[in-house]
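Right, one structure below, let's go through it.
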Amino acid sequence: MPATLQQNPLKQDQVIHTHLRGHDLTFHTTWGLFSPREIDAGTQLLLKHLNLGEESALLDIGCGYGPLGVAMAAECPQAAVHMVDKDFVAVEYAQANARRNGCDNAQAYLSNGLSHVLDTARFSTVVSNIPAKVGKEMLSILLQDVHAHLLPGGQFVVVTINGLRQYMKRNFNEVFGNYQKIKQGKDYTISRCVKEA
């Protein structure tokens, strides 16, 4: 067969077999999505230090191919898990990965931040692996929207590069009135705020 007709190996899915929060999970991903070779260190740190209780509904903002959302869905089968991303390829992979791992309580859909999350939706936990270049305008929109969609007592937990830690602290305090540094590693910080009742 001519080389031009052969399947380009770079177009084949990358497959990641991993163990997250007590569950063996398999993720398919592809080039062009964030961290296609492995679950990135920031996501792993967030999952290691995320405290989940009796969750009712969870939201993963900027879900990529779904490691945060699928791991939460596997741990909290009683909860509805929403995974949103502005990249349609990420959404397709996240949805397929939820099905692949038997997480029928998770759904992925297109949304720029929370722009396509129903106004009436309320979450007990919202998580995000916030990009280093998020931009202050988008972050401001994101924080205001998350505050509006959190249940009283609900938490917003994010992972950022260490360079954004003070920036997140200022913004969490401004919008939520509180900030907690959960963990600071070599490269990443886990930050948390709570919607006060």
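Quick grid of which residues meet (1) surrounded by fewer than 20 Cβ atoms within 10 Å (Cβ to Cβ); (2) among the hydroxyl-bearing types (Ser, Thr, Tyr); (3) touching a helix residue (DSSP H, G or I) at 6+ places or on another chain (Cβ under 7 Å):
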site	(1), (2), (3)
Gly69	no, no, yes
Met83	no, no, yes
Ala96	yes, no, no
Gly102	yes, no, no
Ser140	yes, yes, no
Subject >> Matching residues in the range 82-96 - criterion: being out of contact with any Gly (no Cβ under 7 Å at 6 or more places or on another chain), under 10 Å from Leu110 (Cα atoms) and outside any loop (DSSP other than H, G, I, E, B) >> reply: Val84, Phe88, Val91, Glu92
Subject >> Positions within the range 71-81 being in contact with a helix residue (DSSP H, G or I) (Cβ under 7 Å, 6 or more places away or on another chain) and part of a strand (DSSP E or B), in sequence order >> reply: Val81
**OP:** Would you mention how many residues in the range 148-163 are modelled with pLDDT under 95 and in contact with a Leu (Cβ under 9 Å, 6 or more places away or on another chain)?
**Re:** 0
Original post:
For the range 142-161, what are the residues that are surrounded by 14 or more Cβ atoms within 10 Å (Cβ to Cβ) and either among the basic types (Lys, Arg) or assigned to a helix (DSSP H, G or I) (or both)?
Top reply: Leu142, Leu143, Asp145, Val146, His147, His149
Original post:
What pairs come up if the first residue lies in the range 162-176 and is outside any helix (DSSP H, G or I), the second is among the basic types (Lys, Arg) and surrounded by fewer than 16 Cβ atoms within 10 Å (Cβ to Cβ), and their beta carbons are under 9 Å apart, counting only those six or more places apart or on different chains?
Top reply: none
**OP:** May I ask you to list the residues in the range 22-35 that are at negative phi and either within 12 Å of the chain's Cα centre (by Cα) or in contact (Cβ under 8 Å) with a residue 24 or more places away in the chain (or both)?
**Re:** His23, Leu25, Thr26, Phe27, His28, Thr29, Thr30, Leu33, Phe34
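The values are calculated or read from the model by the stated rules, or taken from the named source; none is laboratory data. Keep in mind it's a predicted model, so treat the numbers as computed, not measured. In this analysis, Cβ positions are derived from the backbone assuming ideal geometry, glycine residues included, and neighbour counts consider all displayed protein chains.
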